[in-house]
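A.B. asks: Handing you a structure now.
The values are calculated or read from the model by the stated rules, or taken from the named source; none is laboratory data. All of these numbers come straight from a predicted model, not from anything done at the bench. For neighbour counting, all protein chains shown are included, and Cβ atoms are generated from backbone atoms with ideal geometry for every residue, glycine included.
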Amino acid sequence: MGTTEGTNLAKTNQPMLRLVTAEAVGEVLRRHAGEVEQLVARTYDAHHRGETVNPDSYFLRFPDSERNRIIALPAAIATPDLQVSGIKWIASYPANLDKGLERASAVIILNDAETGYPFALMEGAQISAMRTAASAVLGADQCSRLDRKAKSIGFVGGGLISRTILNQFCARGWQIDRVCTHDLNPASASALAEHAQKEWDLLARTGRLEDALAAEIVVFATSAVAPYVPAAFAFAPGQTVLNVSLRDLAPQQILAAQNIFDDVDHCLKAKTSPHLAETLSGGRDFVSGSISQLINGSVTLTRDKPVIYSPFGMGILDVALAHFVHGKAMQQGACLEIPNFFGQ
């Protein structure tokens with residue numbers, strides 16, 4: 001009798017791993033754009049209060065390919081409402097676009113805070129794109145003072161990240177008069193412009209880099225490994241730049257602007273444009289503060305300079321959003337359970 005009860009107890013307590021596929025992830029994300037942006041803001045606030053662990057990303061690079069990389073982003077969150085840890089493993093292979101594939105592919109693993117056992121394995125590229133988009137649009141909300149009304153938005157880079165950012169702008173109720181898209185691959189720029197027209201009924205066209213840079217809000221979402229915007233170029237006072245891909249701008253543009261970051265120390269490394277600005281200037285006087293400080297009012301911005309928002313892409317956002325998606329997928333019965341994955 002005792003042996004049977006012990007066996008049943010072991011089975012009851014056996015950790016369960018669940019899979020969440022791209023279809024289930026996408027369905028949750030499409031339905032909850034507002035909640036996702038609020039979640040990103042709360043996660044940044046938790047980070048500001050010291051309730052997260054967000055180590056440096058680990059880059060797996062290859063000696064025969066400068067452009068290809070796989071990045072590991074571990075993170076943990078320990079707030080009164082959420083205790084979870086996890087890791088995103090995301091590959092970026094730009095040549096995938098020539099094969100009809102997305103540039104990035106990813107998985108996210110979530111671990112139980114009490115036992116450490118993984119409890120969810122999820123398709124991560126959509127979560128990664130969505131947390132990036134929500135962070136970018138949150139930055140536009142806080143930095144632009146436009147009350148969600150933009151005369152023009154210029155997208156430099158026409159891939160999945162730009163498309164997701166555009167979707168998030170529209171889902172969050174932004175009124176956009178016109179969109180300009182630019183990409184070294186003309187087909188990508190055209191596809192993004194067509195998406196803006198067909199999905200959101202926006203006036204959109206492709207253009208030169210100079211055309212995109214002239215927009216009221218400029219979004220950089222490329223796979224650039226070094227700055228290419230000419231050092232002599234200057235953004236106008238009042239422009240808002242979402243420096244999502246981090247390595248497009250010359251350090252001169254960073255030094256001439258007010259600069260907001262998701263995390264200052266994380267952004268000022270790995271030869272990002274802000275890191276190059278620190279190296280060039282010999283200090284951090286160009287740093288205005290963090291997005292959390294902007295939200296809580298401890299940092300204010302003026303209108304006499306452009307504002308550049310540089311989010312490094314923190315693992316805590318992936319973990320927080322993945323946990324949110326997992327919870328919604330569980331409620332909808334959209335998780336695939338793998339019994340006995342861990343054995344006894």
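A.B. asks: For region 329-336, state whether one or more residues are crowded, with 18+ Cβ neighbours inside 10 Å, in contact (Cβ under 8 Å) with a residue 40 or more places away in the chain and in contact with a His (Cβ under 8 Å, 6 or more places away or on another chain).
C.D. replies: Pass one, region 329-336, residues crowded, with 18+ Cβ neighbours inside 10 Å: 329, 334-335.
Adding the requirement that they be in contact (Cβ under 8 Å) with a residue 40 or more places away in the chain leaves 329, 334-335.
Narrowing the set further to residues that are in contact with a His (Cβ under 8 Å, 6 or more places away or on another chain) leaves 335.
Among the residues of region 329-336, at least one is crowded, with 18+ Cβ neighbours inside 10 Å, in contact (Cβ under 8 Å) with a residue 40 or more places away in the chain and in contact with a His (Cβ under 8 Å, 6 or more places away or on another chain), which makes the answer yes.
A.B. asks: What's the number of the only condition in (1) surrounded by fewer than 16 Cβ atoms within 10 Å (Cβ to Cβ); (2) under 21 Å from residue 132 (Cα atoms); (3) at pLDDT below 95 that residue 341 fails to meet?
C.D. replies: Residue 341 satisfies all of (1) surrounded by fewer than 16 Cβ atoms within 10 Å (Cβ to Cβ); (2) under 21 Å from residue 132 (Cα atoms); (3) at pLDDT below 95 except (2).
A.B. asks: Find the residue count for region 144-200, including only residues that are part of a helix (DSSP H, G or I) and over 19 Å from the mean Cα position of the chain (by Cα). Explain how you work it out, then say what you get.
C.D. replies: At the first step, the residues of region 144-200 found to be part of a helix (DSSP H, G or I) are 144, 160-171, 186-200.
Still in the list and also over 19 Å from the mean Cα position of the chain (by Cα): 186-191, 193-200.
Result for region 144-200: 14.
A.B. asks: Looking only at region 268-316, count every residue that is on the phi > 0 side of the Ramachandran plot and among the charged types (D, E, K, R) and tell me the total.
C.D. replies: 1
A.B. asks: Return only the number of the condition from (1) in contact with a Pro (Cβ under 7 Å, 6 or more places away or on another chain); (2) surrounded by fewer than 20 Cβ atoms within 10 Å (Cβ to Cβ) that residue 170 does not satisfy.
C.D. replies: Only one criterion is unmet by residue 170, namely (1).
A.B. asks: On to the next question. Please indicate, with yes or no, whether at least one residue in region 5-25 is buried (at least 16 other Cβ atoms within 10 Å of the Cβ), out of contact with any Gly (no Cβ under 7 Å at 6 or more places or on another chain), closer than 24 Å to residue 137 by Cα and at pLDDT 95 or above.
C.D. replies: Yes, there is a match, as at least one residue in region 5-25 is buried (at least 16 other Cβ atoms within 10 Å of the Cβ), out of contact with any Gly (no Cβ under 7 Å at 6 or more places or on another chain), closer than 24 Å to residue 137 by Cα and at pLDDT 95 or above.
A.B. asks: Now for a different question. Could you count how many residues in region 177-229 are in contact with a helix residue (DSSP H, G or I) (Cβ under 7 Å, 6 or more places away or on another chain), of a type in the set (D, E, K, R) and within 21 Å of residue 137 (Cβ to Cβ)?
C.D. replies: Going through region 177-229 one residue at a time, the tally reaches 1.
A.B. asks: Here are some conditions: (1) closer than 21 Å to residue 292 by Cβ; (2) buried (at least 22 other Cβ atoms within 10 Å of the Cβ); (3) of a type in the set (A, V, I, L, M, F, W, C). Residue 122 meets all but one. Which one does it not meet?
C.D. replies: Going through (1) closer than 21 Å to residue 292 by Cβ; (2) buried (at least 22 other Cβ atoms within 10 Å of the Cβ); (3) of a type in the set (A, V, I, L, M, F, W, C) one by one, residue 122 breaks only (1).
A.B. asks: Between residues in region 47-75 that are on the phi < 0 side of the Ramachandran plot and in a loop (DSSP other than H, G, I, E, B) and residues that are basic (Lys, Arg) and surrounded by fewer than 18 Cβ atoms within 10 Å (Cβ to Cβ), which pairs lie under 8 Å by C-beta distance while being six or more apart or on different chains?
C.D. replies: If the second residue must be basic (Lys, Arg) and surrounded by fewer than 18 Cβ atoms within 10 Å (Cβ to Cβ), the pairs left are 56/269.
A.B. asks: Which one of 248, 265 is modelled with pLDDT under 95 and on the phi < 0 side of the Ramachandran plot? Full working, then the answer.
C.D. replies: Values: 248 fails: modelled with pLDDT under 95.
Sole residue among the options that is modelled with pLDDT under 95 and on the phi < 0 side of the Ramachandran plot: 265.
A.B. asks: Now for a different question. Report yes if residue 165 is buried (at least 17 other Cβ atoms within 10 Å of the Cβ), modelled with pLDDT of 95 or more and closer than 22 Å to residue 206 by Cβ, otherwise no. Full working, then the answer.
C.D. replies: Details: buried (at least 17 other Cβ atoms within 10 Å of the Cβ): yes; modelled with pLDDT of 95 or more: yes; closer than 22 Å to residue 206 by Cβ: yes.
Criteria met by residue 165.
A.B. asks: Which numbered condition in (1) under 14 Å from the mean Cα position of the chain (by Cα); (2) in a helix (DSSP H, G or I) is the only one that residue 97 fails?
C.D. replies: So the condition that residue 97 fails would be (1).
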